[in-house]
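Before any comments, here is the structure.
The values are calculated or read from the model by the stated rules, or taken from the named source; none is laboratory data. Model, not experiment: these values are computed from the prediction. In this analysis, Cβ positions are derived from the backbone assuming ideal geometry, glycine residues included, and neighbour counts consider all displayed protein chains. Please note that ligands, DNA and RNA were not included when accessible areas were found on the heavy atoms of the full protein model with its side chains. Shrake-Rupley method; radii C 1.70, N 1.55, O 1.52, S 1.80 Å.
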Amino acid sequence: MYLAVDTAVFQKSAEIHKFLMFKNKQCLVVSMRVIYPPEDFVKKANVRDPAIYSRTAEDWKGFWEDFARELHWYEPWDVFLDESKAPYYRFFVNGKINVAYNCIDRHLEGKRTKAAVIWEGEDGAQRVLTYQDLYREVCRLSNALKELGVEKGDRVAIFMPNVPETIIAMLACARIGAVHVVVFEGFSARALAFRLKDSHANFIITCDGYYRRGEIHRLKDKVDEALKGYQGVKRVIVVKRLGIEISMLPDRDFWWDNVVKGQKARCEPEIMDANDPLFIMYTSGAIAEPKGVVHSTGGFLVHVYATTKMVLDLKDNDVFWCTAEPGWITGHSYVVYGPLSNGGTVLIYEGAPDYPHPCRVYEIIEKYGVSVFYTVPTLIRMLSACKDEEIEKYDLSSLRLLGSVGEPIEPDTWLWFYRKVGKERCPIVDTWWQTETGGHVISPLPALTPMKPGSVTKPLPGFLVDIVDDGGKPTKPFQIGNLVIKRPFPGIFLNLHADPRHYVKLYWSRYGKKVYYTGDAAYRDDDGYIWVIGRVDDVLNISGHRVSTVEVEHVIMELDEVKECAVIGIPDRVRGFAIGVFAIIRGENYEEVAKTIQEKVKESIGSFAKPSLIVFTPDLPRTEGRKVVKRALSEFMNGRDVEISTLTNPEILRKIKETIKRDSRGVYVVK
Ligand code: WTA
C-alpha cells in the first residue's frame, strides 16, 4: 500500500520515524517525520510545562484533585478514590456538587454577558445565548420540570436535534438532579422506545421537527409512535422549532413555551452527591441490545473539565465548535459539560455539514471566527469535497487548534486537514476515548506532544494505558494487542443501567477487575506512540457512531423471509465503515427481500445503519461445529488474506468472491 506523504509539511521537523501499515498481513515500513507543535501555539497554550507528565506520574491523585479544586463544591470529598468495591470505582467520595451550577452560575460574576452558546440553524438562522440568558432559561425550565412532577433521580429523555433547547434541557435536568437520557434524533421510533423502556423514563423533551438537508423531519411523530408501545411516559414537552402541524395529546403533551412562561428565572440547584448519576447514554456493544452507560456527577465533570482545558486548550476568547450531535457522548462531554464548566463559548450547528453546499463548514468557521474545531474523520473526509480553490476563498485565520475523535484517521486525511484547514499553524489533537470513559484518555497535549499523523500519540497525564496480548502480557513494539487501561480515572462510568452482569463481563473480566478492557486493538511503535486499529468486537464505527453488528442481525432475523444472516462492516471511504449483510433466505424474491431488509433496519435502528451491501447466498462460511465465521467475510471485504483452514465449506467463500468485488455496493445473489 502506498501512502501519500507530502514532505512540505515536514520542513520544520527534525526526527525521522517509522510506522507500519498493515495490508495483506505484510508490513510496509514508511519513513516519516514527526510534526512539532507550531511555536505560536506553544507560547500561549494552557499546558506548556513538560514536567506535567513526570509530576503526575509521581502523584496522579493530586493531579486530578487540583483540577477538582478549581470547581465549586458544596462539600469537599472525604476520599479521592474508593476501590473497595472494584470494579465499581467511586471517586470524590461524599463530595457534594451541582454540575449546572459549575457550568453556569460559577461564571455569572465575570462572564454574565459573554456568549455561552451560539447556534446556527441549517436555514442560516442564528441565536446567541449569553451566560445570563442560559442561567435564566435553565432556571425557568428547571422550575417548569419540577411543576410537571420531575423529581431528583427521575429519568428524563431528550430527543432533540442540535438546538439550544437541548443544552438548556440537559442543564435543567442536572440542576434539579434528574438523570437525562439524550437519544440521537436519527434513531427510529423503535430504537427510542427501547431506550425509554430500558431507562424507565417518565418524561420526554422533544420538538415538532427540524431541518436536515432542507427537508423537514417530523420528530414529534416518532415520539408518538414510540409511546404507543410504552406507557411509562407521563409528560412530553415539545419545543416549537418549525411551527408545523403536529398532534398534541391533552394532559400529556405540553408546548415548551407554555410551560416555561411565567416561571421564575431563579432555581436553587439541587445538592448532588459526586456519585449520583448525571446521565445515561445508550451505546452499542458486542451484545444485541444497546447498553445504558451510567455516568457520575463529580468524577465525570472533573474529567471533562480538565481535558477540555488541557487537550482542547479552551480559553476565554475562543469560539469552540465541536460538531458532535448532542445524542452522542462527544456532545455531552465536549459540547456541553467540558466547555461550559470552563466558561467557554460553544458553537452548535443544526444541519448537515455539506448543505446547501460542500463548503458550508468553512463558511461557518469564517462567520463566527471559530478558533478550536473538533470533529470526526468522516466529516474531515467530507470536507475535501469543497475544492481547494473554493477553500481558499474563506478566511480560516481564526483557527488555532484542530481535533479529531471517534475513529482512526488515516495519515493522508490527517495531513490534508493539517495543511488545508489548519494551514500548518494548528496542532491536531487526535483524541482516543469512549462513551464509557466519559472523556479523553489518549491524546497529544497540543503544545507538548510531537504529532505523528494517524497516531493518537500517548496516554494523557494521569492515565495508565497498556497494550497486552491475550495472556495479559504487554506487547512488543509493532505487535498488535488489546488496548487496556490499568488504573481507574474520574470519568470512568459507574455501571450499565440495570445490567451489572454485563458491566463486569464486558469490561472487567478479561484481565480481572483492575484492568479496563476497551475492546480496541492497537499497537505501539518504537517511540511508544499508540496506533489504534479499531474494534476487536462486533462493534462498528459508522461515521463515528457505534453500531453493533449483532443488533443489526437480530433486527433482520425478525423477518420471516430470512433464515440466517451475518452482518459485517465493509470499508467505506467517507464513513469509515458501512454495513454489509450476507443472508440466507426462504424463496427467491431477492429484490423485494432486499428492500424489506433496508426498511426494517431503518425502522428499527435508524437510517444511518441502512445496509450498503446485501448478498443473498445459499450458505455462510462455517466451522466444523456449524458456527458462522463472520471474520472470513470481513477479512475478504477488508482485502486481507482469509484463513480458510478452519472452514468446513471454503467453496462458499470462493463463490462469494466470484459474485462480488471487495468494494461492491448494492444487491447480489450468489448461486
Ligand atoms: C473509536 C466516541 C481511533 C474506538 C468518543 C473506540 C477511535 C470507539 C478514536 C468509541 C480515535 C474513538 N482514534 N479510534 N481518536 N476515538 N475511537 O463510544 O474504536 O462512540 O472504542 O466514543 O471509537 O466510540 P464511542
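Annotation note: Cβ proximity below 6 Å between a residue of the range 427-444 that is within 18 Å of Val539 (Cβ to Cβ) and within 6 Å of the ligand (Cβ to nearest atom) and a residue that is part of a helix (DSSP H, G or I) and open to solvent by 10 Å² or more (accessible area, probe 1.4 Å) (sequence gap 6+ or interchain) occurs for Thr435/Ile329.
Ser664 - would you say it is touching an Asp or Glu at 6+ places or on another chain (Cβ under 9 Å), surrounded by fewer than 20 Cβ atoms within 10 Å (Cβ to Cβ) and closer than 14 Å to Gly580 by Cα?
On the way: touching an Asp or Glu at 6+ places or on another chain (Cβ under 9 Å): no; surrounded by fewer than 20 Cβ atoms within 10 Å (Cβ to Cβ): yes; closer than 14 Å to Gly580 by Cα: yes.
Criteria not met by Ser664.
When the range 629-671 is limited to residues that are in a loop (DSSP other than H, G, I, E, B) and of a type in the set (Lys, Arg), the one that is nearest to the chain's Cα centre (by Cα) turns out to be Arg665. Exactly one residue among Val79, Val93 is open to solvent by 10 Å² or more (accessible area, probe 1.4 Å), more than 30 Å from Glu165 (Cα to Cα) and out of contact with any Lys or Arg (no Cβ under 9 Å at 6 or more places or on another chain), and that residue is Val93.
If only one of Arg155, Arg175 is within 17 Å of His200 (Cβ to Cβ), among the basic types (Lys, Arg) and surrounded by 23 or more Cβ atoms within 10 Å (Cβ to Cβ), which one is it? Before the answer, list the steps.
Working: Arg175 fails: within 17 Å of His200 (Cβ to Cβ).
Result: Arg155 is the single residue among Arg155, Arg175 that is within 17 Å of His200 (Cβ to Cβ), among the basic types (Lys, Arg) and surrounded by 23 or more Cβ atoms within 10 Å (Cβ to Cβ).
Among all residues of the range 289-299, there is at least one that is in contact (Cβ under 8 Å) with a residue 60 or more places away in the chain and surrounded by fewer than 19 Cβ atoms within 10 Å (Cβ to Cβ).
Residues to consider are Arg631, Arg640, Arg654; find the one that is under 22 Å from Val555 (Cα atoms), open to solvent by 10 Å² or more (accessible area, probe 1.4 Å) and at pLDDT below 95. Outline the logic, then answer.
On the way: Arg640 fails: under 22 Å from Val555 (Cα atoms); Arg654 fails: under 22 Å from Val555 (Cα atoms).
Criteria check complete, one pass: Arg631.
Among the criteria (1) farther than 29 Å from His357 by Cβ; (2) touching a residue at least 40 places away in the same chain (Cβ under 8 Å), the one Gly186 does not fulfil is (1). So which residues in the range 40-91 are part of a loop (DSSP other than H, G, I, E, B), charged (D, E, K, R) and closer than 30 Å to Cys426 by Cα, if there are any at all? Across the range 40-91, the qualifying residues are Arg48, Asp49, Glu70.
Give the residue, chosen from Arg195, Arg140, that is touching a residue at least 24 places away in the same chain (Cβ under 8 Å), among the basic types (Lys, Arg) and over 19 Å from Pro269 (Cβ atoms). After ruling out the rest, the residue left standing is Arg195.
Residues of the range 547-570 that are assigned to a strand (DSSP E or B), over 16 Å from Gly587 (Cα atoms) and out of contact with any Gly (no Cβ under 8 Å at 6 or more places or on another chain): Val547, Ala566. Scanning the range 363-417 for residues that are in contact (Cβ under 8 Å) with a residue 60 or more places away in the chain, charged (D, E, K, R) and within 16 Å of the ligand (Cβ to nearest atom) yields Arg381, Glu407, Asp412. When the residues of the range 577-603 are filtered to those that are more than 23 Å from Lys627 (Cα to Cα) and in contact with a Ser or Thr (Cβ under 6 Å, 6 or more places away or on another chain), the one that is most open to solvent (accessible area, probe 1.4 Å) is Glu603. Summed over the range 320-348, the residues that are open to solvent by 20 Å² or more (accessible area, probe 1.4 Å) and more than 12 Å from the ligand (Cβ to nearest atom) give a count of 2. Does at least one position in the range 460-483 carry a residue that is in contact with a Gly (Cβ under 9 Å, 6 or more places away or on another chain), closer than 26 Å to Phe80 by Cα and more than 13 Å from the ligand (Cβ to nearest atom)? Yes, there is a match, as at least one residue in the range 460-483 is in contact with a Gly (Cβ under 9 Å, 6 or more places away or on another chain), closer than 26 Å to Phe80 by Cα and more than 13 Å from the ligand (Cβ to nearest atom).
Of a type in the set (Val, Ile, Thr) and within 16 Å of the ligand (Cβ to nearest atom): is that true of Ile570 in this structure? No. The residues in the range 506-541 that are within 18 Å of the chain's Cα centre (by Cα), among the basic types (Lys, Arg) and part of a loop (DSSP other than H, G, I, E, B) can be counted, and the count is 0.
Sort out for me the helices (runs of 4 or more DSSP H) sitting completely within the range 352-441 that have 3 or more residues that are touching a Pro at 6+ places or on another chain (Cβ under 9 Å) and farther than 24 Å from Val163 by Cα.
411-416
Search the range 518-549 for residues being away from the ligand (no atom under 16 Å from the Cβ) and on the phi < 0 side of the Ramachandran plot, and hand back the single one that is surrounded by the most Cβ atoms within 10 Å (Cβ to Cβ). Checked the range 518-549; the qualifying residue surrounded by the most Cβ atoms within 10 Å (Cβ to Cβ) is Asp527.
Here is a yes/no grid of residues against (1) within 16 Å of the ligand (Cβ to nearest atom); (2) in contact with a strand residue (DSSP E or B) (Cβ under 8 Å, 6 or more places away or on another chain):
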site: Arg252; (1), (2): no, yes
site: Trp256; (1), (2): no, yes
site: Gln263; (1), (2): no, no
site: Asp273; (1), (2): no, yes
site: Leu278; (1), (2): no, yes
site: Ser284; (1), (2): yes, yes
site: Pro290; (1), (2): yes, yes
site: His295; (1), (2): yes, yes
site: Gly299; (1), (2): no, yes
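Being open to solvent by less than 20 Å² (accessible area, probe 1.4 Å) and outside any strand (DSSP E or B): is that true of Pro618 here? Let's see the steps before the verdict.
Values: open to solvent by less than 20 Å² (accessible area, probe 1.4 Å): no; outside any strand (DSSP E or B): yes.
The answer is no for Pro618.
Contact annotation: no residue pair with Cβ atoms under 9 Å, 6 or more positions apart or on different chains, pairs a residue in the range 151-173 that is at positive phi and modelled with pLDDT under 95 with a partner that is part of a strand (DSSP E or B) and surrounded by fewer than 24 Cβ atoms within 10 Å (Cβ to Cβ).
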